[in-house]
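Enquirer: Dropping a structure here in structure tokens format, bear with me for questions.
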Amino acid sequence: MSEMFDYIKIQQNQQVFYSTVMKASVLYTYGRISRQSDDEEKGVQRFLDQKRVNDIAEYCRLNTQDLQFLTPIVISLNSDYLESNLNSSLGKFQIDFTQISNDDNDLFNIIDGQHRIEGIKRYENLQNKIGSISLPVIFVLDASVYQSAQIFVTINANQKKVDNSMIYQLFGLMERNGGTNTPQAFASKVVSILNENESSPFRKKIKILGRKIPDSDAFISQATIANKIVQNIWTDAKHKNRQFTEYFNNDDYKFLAKAIINYFNAFISVNALVWNDPTSMAKKAIGFSALMKLFLHIEKNETDLTEKNFENIFNKIGQEIAKNQSESIQMLFKNSGSSESVASKIGKKLQDLYEGIK
């Protein structure tokens, strides 16, 4: 089977590139990814991050109607399989796929874009939609290891990552202007309420766009809060709904925001010394993560998400921890460290205390 592709020739100094469009299934079927972890002498790509692969597959599943991959996949194309030359500035070229052995996969070498390729492959295989996604592609002919490494470094070494808070803000902007209600847009709406509601303990204390606010006591970033919400909307590895999926499906962001406000107001009411202690982790990202772990645990087990019920729970937790005279809530949030493992440790302790009062 032969297939024809349109191309545009691009010349920058002495380097010649070509722009085209290909189905992702062609790239992952006939392509090879050379990773440093597999071959230090010839591998160009970084380690494969399976979480990124799964996230991209889930993005495809949730955004079928608005799916967009605008950044080109960068590949080296083996000219042995070309049935036409690429001399003109634009035109067509043909590939005879019947020449290619399934064992070789040497038509393409993926220089940049392995996670997109693997994520789309996972999505198309799980959803039985092979060939459903086309991608912009930039390719060079017969790139050497040196050229491939040089291209990868040029693309990735000097990129400045866009702050996640800005990403969430833009998802919210898109949804407000006719876009799809994505998990990111949903999270953006929840964060907006937390930052603006008169009764919220986070009112004007969230660093919107990730920036510090002059003359402000803002202590937590928009992305820190939004990440915790989005993480609990995506389906898990077994395609089961996570805890906030139903809120998302019903666009019930106001209820979820109110429940979070009730929860943190109750914690502050019962544990004001902990919350206001500048040496405590409670008002830091790690503390927020730990408290959200307990919130998830309570939300799963309680139907009453009012501030009064949360206060009752925190009072009982305080009494429970007081039984052990060597421990206190204050000490729990004096834990040192800044990793998610610290948040998990605090969160697990709080969950155990909650289980003890049920």
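The values are calculated or read from the model by the stated rules, or taken from the named source; none is laboratory data. Just so it is clear, the model here is predicted, and its values are computed rather than measured. Here the Cβ positions follow ideal geometry from the backbone for every residue, glycine too, while neighbour counts run over all protein chains shown. Side chains included, ligands, DNA and RNA excluded: accessible areas come from the protein's heavy atoms. Shrake-Rupley method; radii C 1.70, N 1.55, O 1.52, S 1.80 Å.
Enquirer: Give a residue-ordered list of calculated ³J(HN,Hα) values for region 16-31 (Karplus: 6.51 cos²θ - 1.76 cosθ + 1.60, θ = phi - 60°; whole Hz; x for Gly, Pro).
Expert: 10, 10, 9, 10, 8, 10, 9, 5, 4, 5, 5, 5, 7, 7, 10, x
Enquirer: Related question: Can you pull the percent of Cα pairs in the chain with separation above 35 Å?
Expert: Numbers: 25670 of 63903 pairs.
Within the chain, distances greater than 35 Å cover 40 percent of Cα pairs.
Enquirer: May I pose another question? Separation between the Gln243 and Met4 pseudo-spin-labels, each 7 Å from Cα along Cα→Cβ, expressed in nm?
Expert: 5.7
Enquirer: Turning to a different aspect of this structure: So if I place +1 on the C-beta of Lys and Arg and -1 on the C-beta of Asp and Glu, and nothing else carries charge, what would the dipole magnitude of the chain be about its Cα centre? I want it in debye, nearest 20. Let's see the in-between values first.
Expert: Details: 42 positive and 41 negative charges, 269 e Å.
Value, rounded to 20: 1280 debye.
Enquirer: Could I ask something else about it? Once both axes come from the Cα atoms, what is the angle between helix 164-176 and the longest principal axis of the chain, in degrees from 0 to 90, rounded to 10?
Expert: 90
Enquirer: Here's another thing I want to ask about it. Taking only protein heavy atoms and a 1.4 Å probe, what accessible area per residue, in Å², does the chain have with all protein chains in place?
Expert: I get 53 Å² per residue for the chain.
Enquirer: Ok, one more. Taking Cα centroids, how far is region 52-90 from region 284-302 in Å?
Expert: Each part's Cα centre sits 40 Å from the other's.
Enquirer: Report the net charge of residues surrounding Asp252, where surrounding means a beta-carbon distance below 11 angstrom and charges are Lys +1, Arg +1, Asp -1, Glu -1. Mind dumping the intermediate values first?
Expert: Working: positive: Lys189, Lys254, Lys258; negative: Glu246, Asp251.
Combined, the nearby Lys, Arg, Asp and Glu give +1.
Enquirer: If you don't mind, there's one more thing I want to ask. Which of Ser2, Phe152, Ser89 sits farthest toward the positive end of the charge dipole of the chain, with +1 on the Cβ of Lys and Arg and -1 on the Cβ of Asp and Glu?
Expert: Positive-most Cα among the choices belongs to Phe152.
Enquirer: Gln127 to Asn309: extension gain in nm, 0.36 nm per residue of separation minus the Cα-Cα distance?
Expert: Using 0.36 nm per residue and subtracting the Cα-Cα distance, I get 61.3 nm.
Enquirer: Then there is this: Can you tell me the length gained on complete extension of the stretch Asp96 to Lys51, counting 0.36 nm per residue apart and subtracting the Cα distance? It would help to have the intermediate numbers written out before the result.
Expert: On the way: separation 45, 0.36 × 45 = 16.20 nm, distance 3.48 nm.
Answer, rounded to one decimal: 12.7 nm.
Enquirer: Indicate the gyration tensor shape class of region 162-303 (rounded, prolate or oblate), computed on the Cα atoms with a ≥ b ≥ c the square roots of the eigenvalues: a/c under 1.5 is rounded; otherwise a/b larger than b/c is prolate and the rest oblate.
Expert: Here region 162-303 falls in the oblate category.
Enquirer: Another question, if that's okay. Among Asn324, Asn197, Asn232, determine the one that fluctuates most according to a GNM of the chain built with springs between C-alpha atoms less than 10 Å apart.
Expert: Ranking Asn324, Asn197, Asn232 by mean-square fluctuation puts Asn324 first.
Enquirer: For the chain, with the dipole built from +1 on Lys and Arg beta-carbon atoms and -1 on Asp and Glu ones, taken about the Cα centre, which of Asn265, Gln65, Ala223 lies farthest toward the positive end?
Expert: Asn265
Enquirer: Measure up Lys129/Lys240; Lys283/Lys348; Lys23/Lys189; Lys228/Lys349; Lys240/Lys283 against 27 Å on the Cα-Cα distance and list the ones that go over. If you can, show how the numbers build up before the last one.
Expert: Values: Lys129/Lys240 20 Å; Lys283/Lys348 18 Å; Lys23/Lys189 35 Å; Lys228/Lys349 19 Å; Lys240/Lys283 32 Å.
Pairs exceeding 27 Å: Lys23/Lys189; Lys240/Lys283.
Enquirer: Evaluate the charge dipole of region 76-202 about its Cα centre and quote only its size in Debye, nearest 20, assuming +1 on the Cβ of each Lys and Arg and -1 on the Cβ of each Asp and Glu. Write out the running numbers ahead of the final one.
Expert: Details: 9 positive and 14 negative charges, 108 e Å.
In total the dipole reaches around 520 debye.
Enquirer: Relative contact order (percent) for the chain, with alpha-carbon contacts under 8 angstrom and 6 or more residues of separation? Don't skip to the answer; put the middle values down first.
Expert: Working: 520 pairs, mean separation 49.3, N = 358.
About 14 percent, as a whole number.
Enquirer: Same structure, new question: Write down the percent of antiparallel bridges among all DSSP beta bridges whose residues are both part of the chain, to the nearest 5.
Expert: Numbers: 23 of 33 bridges.
Bridges in the chain that DSSP calls antiparallel: roughly 70 percent.
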